[in-house]
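See structure below.
The values are calculated or read from the model by the stated rules, or taken from the named source; none is laboratory data. Computed from a prediction, not measured in an experiment: that's the story for all the values here. Virtual Cβ from ideal backbone geometry, glycine too; neighbours counted across all protein chains shown. Side chains included, ligands, DNA and RNA excluded: accessible areas come from the protein's heavy atoms. Shrake-Rupley method; radii C 1.70, N 1.55, O 1.52, S 1.80 Å.
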Amino acid sequence: MKIFPIPKSIAYSDKRVELRDAEYINDDALEKEEYIIRIESSGTKIITSGKEGRFYAEQTLRQIKEQEVTACVIHDKPKYEYRGFMLDSVRHFIEVGEIKKLIDAMAFMKLNKFHWHLTDDQGWRIESEVYPQLNAASVRKYSDFGRSFDNNAYGGIYTKDEIKDVIAYCEERCIEVIPEFDIPGHTSALLFAFPELSCSGEAVEVKTHQGIFKDVLCPAKDKTLEVILNIYGEICELFTSDYIHIGGDEAPSNHWESCEDCKRKMSELGITSFKEYQNSLMNAVIGALSEKGKTCIVWNDAAEGKNLDSRAVVQYWKENDKATFDFANRGGKLILSPFTYYYTDYGYDITPLNRTVSFNPELKEISSDSVIGVEVPIWTEYISDSETLEKMLFPRAAAVANTAWSGATEYKRFLMSFGTCRKMLEKSGIRFADVWLWKNKRAAMPLGWLRFVKNNYSLNYIKEQLK
Ligand code: ACM
Ligand code: ZN
């Protein structure tokens, strides 16, 4: 029988049997997500210690029902406790109906974290009652994402009721919803509502195009920490998760370098590195949110400051990053989303399926118990419709889900067990990229990258970033 993700073990007898209604048995000795399924001619038994194990056993049973059944004992539990999927709802607003469809697919593949990227330069997507001016930051004047141009104002915001609905939907499927409010960079929408939180205090537009912007928060202004903690407080009341993502990626220091307030603050703190200066703000948030019982996740840009609070979990997207390995080797925990393997917004010519499958989370530079799991992200600058969204995700998201659950990274093994999963997801309406695309081999990568840069970045833009 073919089960996806690949289970820990299946012991077969050679007897074909009819599948009967399952009897559920509790065994507190099993781990929370672990399950045993015994299929015998006398009946089927599902043994778990609670809700999660039972849910995963049911996902497995749904697949078995589609196949010829052999008497067997399946013993299964995940390799990683953190098995994530990240969706960028800022660059394009994804409707709740589409999110639920994706959540169903993710739950079927036994993922258990939905990282929801809700704030960025191009819009604010969480309804706020504490600061209603943030709601106006959900709209940008037009959209110019390189490959596409739309002259119409573009916006969207999830109301608190919609967010609660998504959280409840996920909870029924054993998925924790982790919101991301990204600081101190990627904050143009926040600065549109609160220009006084930047170094210059000048007006900031909600951005209309992709990129890394120099409009970032000024860590030296007292009001910066006050406002962001109030926003995090409102977010923490809404989201029931243990984790919260506070960003930390791609925050240029240009304005800090010339800001008198920043210079004074750095000197007071005795800090000369801008990465450590960034972390003076991140650490204040990490400390305050830990008092609310939350664990903060940060992108691995933040690990470049050696003072990063070790209570944070670091999400590794920039690869071969020594600062991240040092953080892990000091006892810090990591989630792995290496961008040349796991970023599904890149074309299949850049990241073919076999490359995504091949990533081994057991990195040689660090101890394997530093890694709590893996996550598959999708950024939506170039994705404005649900068909493209699904085709970029599938089948690559399945590859990450398989590694997250089983640890397996062999392409042939992946394809063997993936067949049933694909058939079932297609039946539930998920659209997959054409098979010929998945088969692109690495040889296509240099051309893919060239095309990517040419389509998305003008020479002027690249020069600007290199300054
Ligand atoms: C990232 O891709 N900027 C985390
Ligand atoms: Zn400043």
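Each listed q (0.16, 0.21, 0.22 Å⁻¹) maps to a log10 I(q)/I(0) for region 273-335, found by the Debye formula over equal Cα scatterers with no solvent: -0.44, -0.75, -0.82.
When restricted to Cα atoms, region 137-208 yields an Rg and a Dmax of 15.9, 46 Å, respectively. Apply the a/c threshold of 1.5 to the C-alpha gyration tensor of region 73-112 and tell me whether it is rounded, prolate or oblate. Here region 73-112 falls in the oblate category.
For region 194-269, chymotrypsin sites (Phe, Trp or Tyr not before Pro) meeting the loop criterion (DSSP other than H, G, I, E, B) and having at most 10 other Cβ atoms within 10 Å: none. Is region 323-461 rounded, prolate or oblate when judged by the Cα gyration tensor, a ≥ b ≥ c being the square roots of its eigenvalues, rounded requiring a/c under 1.5 and prolate requiring a/b larger than b/c? It is oblate, given that a/c is not under 1.5 and a/b is not larger than b/c. Per-residue ellipticity at 222 nm from helix content only, as computed over the chain with -39500 (n - 2.57) for each DSSP H run of at least four residues, stands at -11000 deg cm²/dmol. Give the shape of region 371-418 as rounded, prolate or oblate, defined through the alpha-carbon gyration tensor: a ≥ b ≥ c are the square roots of its eigenvalues, a/c under 1.5 means rounded, and otherwise the shape is prolate if a/b is larger than b/c and oblate if not. It is oblate, given that a/c is not under 1.5 and a/b is not larger than b/c.
Per the Kirkwood definition applied to all pairs of different Cα atoms, how many angstroms is the hydrodynamic radius of region 24-67? Radius from the Kirkwood sum: 10.5 Å.
Take each peptide in 261-270, 415-424, count the other Cβ atoms within 10 Å of every residue, and average; sorted highest first, the result is 415-424, 261-270. Here is the tail figure for region 252-407: Cα pairs spaced more than 27 Å apart come to 36 percent of all pairs.
Fraction of C-alpha pairs exceeding 23 angstrom in region 227-340: 32 percent, rounded to a whole number.
Straight-line cross-link partners of Lys423 among the aspartates and glutamates, defined as a Cα under 13 Å from its Cα and at least 8 positions apart when in the same chain: Glu66. When the alpha carbon gyration tensor of region 1-145 is reduced to an equivalent ellipsoid, its three semi-axes come out at 43, 16, 12 angstrom, largest first. What region 168-312 shows is 37 Å² of accessible area per residue, with the surface traced by a 1.4 Å probe over protein heavy atoms. The coefficient of translational diffusion for region 341-380, derived via Stokes-Einstein from the alpha carbon Kirkwood radius under 20 °C and 1.002 mPa s, stands at 187 µm²/s. Taking only protein heavy atoms and a 1.4 Å probe, the accessible area of region 128-191 is 49% carbon and sulfur. Estimated at the nearest 10 Å², the accessible area of Ile235 is 10 Å² with a 1.4 Å probe. Applying Stokes-Einstein at 37 °C and 0.692 mPa s to the Kirkwood radius of region 63-130, computed over alpha-carbon pairs, gives a translational diffusion coefficient of 218 µm² s⁻¹. Residues in region 304-319 carry Karplus couplings, in order, of 5, x, 5, 8, 4, 4, 6, 6, 6, 9, 9, 9, 8, 10, 7, 7 Hz; the curve used is 6.51 cos²θ - 1.76 cosθ + 1.60 with θ = phi - 60°, and Gly or Pro positions show x. For the chain, the Kirkwood hydrodynamic radius comes to 23.3 Å, computed from all pairs of different C-alpha atoms. Shape annotation for region 251-306: C-alpha extents along the principal axes are 36, 21, 17 Å, from largest to smallest. Rg and Dmax of region 218-258, based on Cα coordinates, read 13.1, 40 Å.
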